[in-house]
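The values are calculated or read from the model by the stated rules, or taken from the named source; none is laboratory data. Every value quoted in this text rests on a predicted model; they were computed, and no experiment measured them. Here Cβ is always computed from backbone atoms with ideal geometry, including for glycine, and neighbour counts include all displayed protein chains.
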Amino acid sequence: MIPPAFEYHRPQDVASAVQILAEQGDEARCLAGGHSLIPMMKLRMAAVEHLVDLQDIAEMQGITTESGTIRIGAMVTQHELITSDALASAAPIIREAALQIADPQVRYMGTVGGNVANGDPGNDMPGLMQALDATFHLHGPDGARDVAAREFFEAAYMTAREDEEILTAITFAPHAKGYAYEKQKRKIGDYATAAAAVLIEKDGMVAGNATVAMTNLSDTPVFSEAAGAALTGTSCDAHAMKAAIDAMLNDIDPTEDNRGPVEFKRHVAGVILSRAISRAWDRA
Amino acid sequence: MNDMSPTREERVEKLKGLGSSRKRVEDARFTQGKGNYVDDVKLPGMLHGDFVRSPYAHARVKSINIDAAMALPGVIAVLTAKDLEPLSLHWMPTLAGDKQMVLADGKVLFQGQEVAFVVAEDRYIAADACELVEVDYEELPVIVDPFEALESDTVLREDLEAGADGAHGPRKHHNHIFLWEEGEKEATEQVIDSAEVVAEEMVYYHRTHPCPLETCGSVASMDKVNGKLTLWGTFQAPHVVRTVASLLSGIEEHNIRVISPDIGGGFGNKVGVYPGYVCSIVASIVTGQPVKWIEDRMDNLMATAFARDYWMKGKISATKEGKITGLHCHVTADHGAFDACADPTKFPAGFFHICTGSYDIPVAYVGVDGVYTNKAPGGVAYRCSFRVTEAAYFIERMIEVLAMELNMDAAELRRINFIKKDQFPYQSALGWEFDSGDYHTAWDKALDAVDYAGLRKEQEERVAAFKRGETRKLLGIGLTHFTEIVGAGPVKNCDILGMGMFDSCEIRIHPTGSAVARLGTISQGQGHATTFAQILASETGIPADSITIEEGDTDTAPYGLGTYGSRSTPVAGAATAMAGRKIRAKAQMIAAYLLEVHDNDLEWDVDRFVVKGAPERFKTMAEIAYAAYNQAIPGVEPGLEAVSYYDPPNMTYPFGAYVCVMEIDVDTGEHEIRQFYALDDCGTRINPMVIEGQVHGGLTEALAIAMGQEIAYDKLGNVKTGTLMDFFLPTAWETPNYTTDFTETPSPHHPIGAKGVGESPNVGGVPAFSNAVHDAFRAFGLRQSHMPHDHWRIWKTANDLGLHG
Ligand SMILES: Cc1cc2nc3c(=O)[nH]c(=O)nc-3n(C[C@H](O)[C@H](O)[C@H](O)COP(=O)(O)OP(=O)(O)OC[C@H]3O[C@@H](n4cnc5c(N)ncnc54)[C@H](O)[C@@H]3O)c2cc1C
């Protein structure tokens, strides 16, 4: 559990960080909270010769809510997500989800940027960002570009981000009134056996726009458009619920691991989604 | 003139003797980060060792190339089996009469096995150098299943002569270690064959690991000038380590000093001798510099001693009315690659034959087949006496299964089969003499406390509601009445590597009336410095706060067999009381001289000897101590010291009644423990608060084992649960509230009647949690589902019973 030697860099702005990444190529990696990367280095599963610590970069900090857009700097910690009053009113699902990540110690260190950039299908923020239809802001040697969260995740640990690009911020609009983040895990500090993010906008007596995203049930987060669509126009009754679950089950592709066999995960995914829909609908 | 104040009550209170909930004296340093653990030992010029470990569970080692590693600046040495062979240290004896490779000799037999030992100037270089050692492996077929091992042509232990007997008799197959039997086989089979009711079940107690928070490690320092070896380490039995180190190394025992400093939990994991200890010693001898070796978490989980892994096939018979008539058990015991169990020599399956439990069973038989597989060696008593947890789990599951067979309430079935109070001392069918007990009283108290009848009614209603589709949660009531066997043990039948399992205490009273006492045991969190001082306080009248307890340094402490198997209080605690009594006997002579009366005219009163009938005439222990050193007393040697080596006449048999009430979500497999009631009877209670702490800790470990903790392997012998992400260690979040309670049935043969408690909660807790899970599904016909009862396994149980529609 001791990593090989590495060079440590601590740039003060995004441009210098990008420059180091560009110079060192794939021998360099960003360090955010370190709570995914450092364990990998200690296990010698990630060989990193140059570690580019992003913690001094002011432009990657802070949460703002202006003119209908919420912006979260990539270096904002999960703990800050939980304690932010601005988020609590504009996007309470973030707090609900962040409280279910790991444990307080991890949340003091782990960042929202690291959580999504890592591309680990076990992480909770990617699915959540897909449900929110968030935009990821990247900075590379060629300047800035935006990628939609729903387009970002390609496979386990593979994302649309290029090696020499940095994720600087995430933006999204305030979400629907009906929301829920539901997660089953084996114990504190564990990744999800199955988790569901659900947002439901009420349109009169029925559900209007509804979104569903699932976590740790495929090699990427699963934004299930069909599951959301199955709820739209319904009163989220048992029938609609079943249709949404069936649609979701078509989209996920879990694998067996210590959390259990595929059959079990599929069953739990259904239960978790139904609980999330019920809670979101109650709040809608 | 003697001062009559303070009052007797005040003096008793000041003593903080037996029965006082005195605060733990150790905690000030632990809670302030001022403990001194092995990794805190830092010596000038100290080198650091690390292991190259096998990635394969079974492979031939064709070659090892150390050149690249040696070329790394800062690397001092890379040891392989070839280097240890001239010293005959490439293999070492195990505590179970087998031998074990120190470094891979021709092949590897489990994943994580030690292949080469790298010694470097710092810990980082050592880790880097490990990666540079090139080992050429040829993979061999892997066996992780003990039943398959006994059928397979693959020979795991090529070093053992085919057909030759092992340490415990004939081996019937090349992967077989021993068959150990106790009881009357034929008579038991006859009873069962002709019984009115028989329940039969395979009960598996899965492989898990003690996982102490502090991993194992050692620092060896060979002083070549004086020929002295000092060894600091995580040793639960430092004196035995000294003797073994002397026998293995040829260094005379007086030239070896073994020190167990503070130990961050042992739970059986730190009883055995590990390759790391041997390699650090050899490396220090070779380099002439101190060498430190500290495991990381993955090393610890993968390579050091596991616990359990017992497949227990049981048959229990009874009359139609539920009176048990016989018990038959055959165990297939997976010992891994080497037989490295830590059991008394004559008991290769430990005290598993306590498996008749709390019940009066007229005839019984146990047979245990030990088997080699491609898994880590071990088989230690994880917070229990030797294989007692397995035994308790077995009988408490069999009772539940029998209750189903009889269609009877499991609490009632237990009640009609308990050994009765007036049957003690009780001879069990498998050869033990239970010292004392009052099971019915404890049982009734427990059932009353939880309103057992009310719970059953609620459960019935719940099942009905579930069947009507009104709830998806079931209610389980987990019952356990366990009997432990601890305090190994009488030297006539208990030894480890030939050393009798007595223990010891040496006391010195200082002239001003304070004292130091040293014992052959070693605390790993049990609080010996607190509780042993209390025993002495009550025996000698010196306040516990004025007594220092020291353990773990073989140069200063008297020889003892260490701390495991809940033996410290039963054995060393007894030695402490006996040594205290020797002090008091001498003190009485001195007091008689000082008071100018005959010895027999004095009586003991809390902290002093008083002239009978003249309460104003007395001498306190402090006054007596002063006189012992400063006054010439005819016929009495100066000084006030005593030593006692205690060979217990029998084991002690703590018992308890536990009830666990659990809610189970049949859809997700999640559980919630609504109530846990634990009644423990550990005989005389030395410190109720320490007992409560021990019970909370033991129950939490039991919760872990029953509900999620395991060392799991895949078919290739890869450890699937090698980090704390997958190996379950409960935190406050998963831990329920516990209600503790007690009855007090002293041991008749122990000087203060104490029996030991540290392990009871694990022994009784595991079946209580597991029975709760089973009980929740009893109405749907569940007889047996294997632990750990994690989410997916509970879900699978529900699924197999058709509860998911
Ligand atoms: C015990 C434990 C339990 C956990 N449980 C959970 C859980 O239940 N749910 C969950 O979601 N997470 C969990 N985590 C992960 C935790 O939330 C991580 O902290 C998080 O996933 C990564 O964030 P980080 O800031 O630590 O990133 P780091 O570990 O520093 O980085 C992760 C990866 O992302 C890259 N990276 C980081 N920031 C950027 C950036 N701004 N631009 C480009 N690349 C970047 C790094 O180069 C690295 O490859 C757990 C972690 C631990 C140790």
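Observations, loosely collected:
- Answer residue from the range A:106-123, given it is within 14 Å of chain B (Cβ to nearest Cβ) and within 16 Å of residue A:157 (Cα to Cα) and is nearest to the ligand (Cβ to nearest atom) among those: A:123
- Unique match (being within 9 Å of chain A (Cβ to nearest Cβ) and more than 18 Å from the chain's Cα centre (by Cα)) among B:722, B:669, B:683: B:669
- Within the option set A:81, A:138, being in contact with a Lys or Arg (Cβ under 7 Å, 6 or more places away or on another chain) and part of a helix (DSSP H, G or I) holds for one residue only, A:81.
- Residue count for the range A:40-72 satisfying the condition of being away from the ligand (no atom under 16 Å from the Cβ), of a type outside the set (A, V, I, L, M) and outside any loop (DSSP other than H, G, I, E, B): 4.
- Restricting A:35, A:9 to those that are modelled with pLDDT of 95 or more and over 16 Å from the mean Cα position of the chain (by Cα) reduces the list to A:9.
- Breaking point among (1) charged (D, E, K, R); (2) closer than 20 Å to residue A:179 by Cα; (3) within 22 Å of the chain's Cα centre (by Cα), for residue A:237: (3)
- Summed over the range A:148-172, the residues that are closer than 14 Å to residue A:220 by Cβ and part of a strand (DSSP E or B) give a count of 6.
- The residue of the range B:103-152 that is farthest from residue B:372 (Cα to Cα), among those that are among the small types (Gly, Ala, Ser) and not in a loop (DSSP other than H, G, I, E, B), is B:120.
- Filter result (part of a loop (DSSP other than H, G, I, E, B) and in contact with a Leu (Cβ under 9 Å, 6 or more places away or on another chain)) within the range B:700-727: B:709, B:711, B:721, B:722, B:723, B:724, B:727
- Selection status of residue B:757, more than 14 Å from chain A (Cβ to nearest Cβ), in contact with a strand residue (DSSP E or B) (Cβ under 7 Å, 6 or more places away or on another chain) and among the β-branched types (Val, Ile, Thr): yes
- Strands (runs of 3 or more DSSP E) fully within the range B:310-400 that include at least 2 residues being among the hydroxyl-bearing types (Ser, Thr, Tyr) and crowded, with 24+ Cβ neighbours inside 10 Å: B:363-372.
- The set of residues from the range A:3-39 being more than 10 Å from the ligand (Cβ to nearest atom), outside any helix (DSSP H, G or I) and surrounded by 16 or more Cβ atoms within 10 Å (Cβ to Cβ) comprises A:3, A:6, A:9, A:11.
- Remark: pairs (first residue in the range B:313-331, closer than 12 Å to residue B:362 by Cα; second residue assigned to a loop (DSSP other than H, G, I, E, B) and of a type in the set (Gly, Ala, Ser); Cβ separation under 7 Å; 6+ apart in sequence or on different chains) = B:317/B:195; B:318/B:195; B:325/B:195; B:326/B:195.
- Criterion violated by residue B:251 - all others in (1) more than 26 Å from residue B:35 (Cβ to Cβ); (2) among the β-branched types (Val, Ile, Thr); (3) assigned to a helix (DSSP H, G or I) satisfied: (3)
- Complete set of residues in the range A:38-66 that are under 26 Å from residue A:91 (Cβ atoms) and at pLDDT below 95: A:65, A:66
- Qualifying residue in the range B:137-144 (condition: within 14 Å of chain A (Cβ to nearest Cβ) and crowded, with 23+ Cβ neighbours inside 10 Å): no
- Pair list, Cβ under 8 Å, 6 or more apart: the range A:263-284 residue more than 14 Å from residue A:213 (Cα to Cα) and more than 9 Å from chain B (Cβ to nearest Cβ), other residue basic (Lys, Arg) and outside any helix (DSSP H, G or I): A:283/A:177; A:284/A:177; A:284/A:202
- Qualifying residue in the range B:700-714 (condition: within 14 Å of chain A (Cβ to nearest Cβ) and over 20 Å from residue B:389 (Cβ atoms)): yes
- Residue in the range B:272-291 that is surrounded by fewer than 24 Cβ atoms within 10 Å (Cβ to Cβ), of a type outside the set (S, T, N, Q) and part of a strand (DSSP E or B) present: no
- Residues in the range A:73-99 that are within 12 Å of the ligand (Cβ to nearest atom) and surrounded by fewer than 17 Cβ atoms within 10 Å (Cβ to Cβ): A:99 alone.
- Qualifying residues in the range B:662-704 (those that are buried (at least 24 other Cβ atoms within 10 Å of the Cβ) and small (Gly, Ala, Ser)) - the one nearest to residue B:211 (Cα to Cα): B:704
- Among (1) touching a Leu at 6+ places or on another chain (Cβ under 6 Å); (2) away from chain B (no Cβ under 14 Å) - the single one residue A:243 does not satisfy: (1)
- Residue in the range A:124-131 that is more than 12 Å from the ligand (Cβ to nearest atom) and modelled with pLDDT of 95 or more present: yes
Results for (1) in contact with a helix residue (DSSP H, G or I) (Cβ under 7 Å, 6 or more places away or on another chain); (2) crowded, with 23+ Cβ neighbours inside 10 Å; (3) small (Gly, Ala, Ser), shown as yes or no for each residue.
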position	(1), (2), (3)
A:150	yes, no, no
A:155	no, no, yes
A:161	yes, no, no
A:195	yes, yes, yes
A:211	yes, yes, no
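- Residue check, residue A:129 touching a residue at least 40 places away in the same chain (Cβ under 8 Å) and within 14 Å of residue A:197 (Cβ to Cβ): yes
- Options A:198, A:222, A:206: the member that is more than 30 Å from residue B:729 (Cβ to Cβ), within 16 Å of the ligand (Cβ to nearest atom) and either at pLDDT below 95 or not polar (S, T, N, Q) (or both): A:222
- Residue in the range B:119-133 that is of a type in the set (Phe, Trp, Tyr) and touching a residue at least 60 places away in the same chain (Cβ under 8 Å) present: no
- Of residues in the range B:777-805 being assigned to a loop (DSSP other than H, G, I, E, B) and at the interface with another protein chain (Cβ under 8 Å from one of its Cβ atoms), the one nearest to residue B:390 (Cα to Cα): B:790
- Top-ranked residue of the range B:411-444 - restricted to ones that are charged (D, E, K, R) and outside any loop (DSSP other than H, G, I, E, B), ranked as surrounded by the fewest Cβ atoms within 10 Å (Cβ to Cβ): B:422
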